[in-house]
Amino acid sequence: MTQNHAARPSAEEARQALKSVSQSKQALAPHVRSPAWLYPVQGIGMGVFVIGLVFSKDAGWASALIAVSGVLFSVLPMLQTRSRLVIDVYTHPGSRGLAWTYVAAFALIAVAALVLYSTFKLAWIGYGAAVLVLMLTLVMGPAMDARLARALRNAA
């Protein structure tokens, strides 16, 4: 007894399948949110990275900060997956534009801090950039979560 797996579904079967997928997305929307600790920890890690980057030529300890941030970013995905379903808000079409804005703003802050510090040698520039990166992460992370949830809620 063989079945023809290449047979195309009928139009009604295709509509039902699409409706089922849409309903599943809509049911998932209220549960889309990152753990409360994620964006503060990510922001601190990014701030530590910026401080390490800014002071890397002047202080030996700065390289250790870059290494610590690298370890932190390696561990964060593993911590998120513990008993949770993880959806990547950075690559989801609903929040991709916001993610690029976030990355561009981070790069702009880091480069500006490097240039300003190399010009003026004022330590507060590095620390101020770290605070800006933390604030950027605390604002943009939840905004990307909200965009993803909205995209799922409005799934057609």
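The values are calculated or read from the model by the stated rules, or taken from the named source; none is laboratory data. Because the structure is predicted, anything quoted here is derived from the model rather than measured. Every residue, glycine as well, gets a Cβ built from its backbone with ideal geometry; the counts of neighbours run over all protein chains shown.
Which of the residues belonging to region 37-81 are of a type in the set (Phe, Trp, Tyr) and over 16 Å from residue 137 (Cβ atoms)?
If the condition is that a residue be of a type in the set (Phe, Trp, Tyr) and over 16 Å from residue 137 (Cβ atoms), then 55, 61 are the ones that fit.
Can you name the number of the only condition in (1) touching a residue at least 40 places away in the same chain (Cβ under 8 Å); (2) touching a Leu at 6+ places or on another chain (Cβ under 7 Å) that residue 105 fails?
Looking at each condition in turn, residue 105 falls short on (1).
Farther than 17 Å from residue 38 by Cα and either exposed (fewer than 13 other Cβ atoms within 10 Å of the Cβ) or among the hydrophobic types (A, V, I, L, M, F, W, C) (or both) - does that describe any residue in region 78-87?
No.
From 108, 98, grab the single residue that is surrounded by 11 or more Cβ atoms within 10 Å (Cβ to Cβ) and in contact with a helix residue (DSSP H, G or I) (Cβ under 6 Å, 6 or more places away or on another chain).
On inspection, the qualifying residue turns out to be 98.
Looking at region 16-26, can you tell me whether even one residue there is among the polar types (S, T, N, Q), touching a Gly at 6+ places or on another chain (Cβ under 6 Å) and either at pLDDT 90 or above or part of a helix (DSSP H, G or I) (or both)?
No, the conditions are met nowhere in region 16-26.
Could you please give the count of residues in region 120-156 that are surrounded by fewer than 18 Cβ atoms within 10 Å (Cβ to Cβ) and either out of contact with any helix residue (DSSP H, G or I) (no Cβ under 9 Å at 6 or more places or on another chain) or among the aliphatic types (A, V, I, L, M) (or both)?
Residues that pass the stated criteria total 14.
Give the residues of region 66-91 that are of a type in the set (Ser, Thr, Tyr), over 29 Å from residue 153 (Cβ atoms) and touching a residue at least 24 places away in the same chain (Cβ under 8 Å), sorted by residue number.
69
Considering 126, 141, 94, which residue is within 28 Å of residue 31 (Cβ to Cβ), touching a residue at least 60 places away in the same chain (Cβ under 8 Å) and in contact with a Leu (Cβ under 9 Å, 6 or more places away or on another chain)?
141 is the lone residue from the list that is within 28 Å of residue 31 (Cβ to Cβ), touching a residue at least 60 places away in the same chain (Cβ under 8 Å) and in contact with a Leu (Cβ under 9 Å, 6 or more places away or on another chain).
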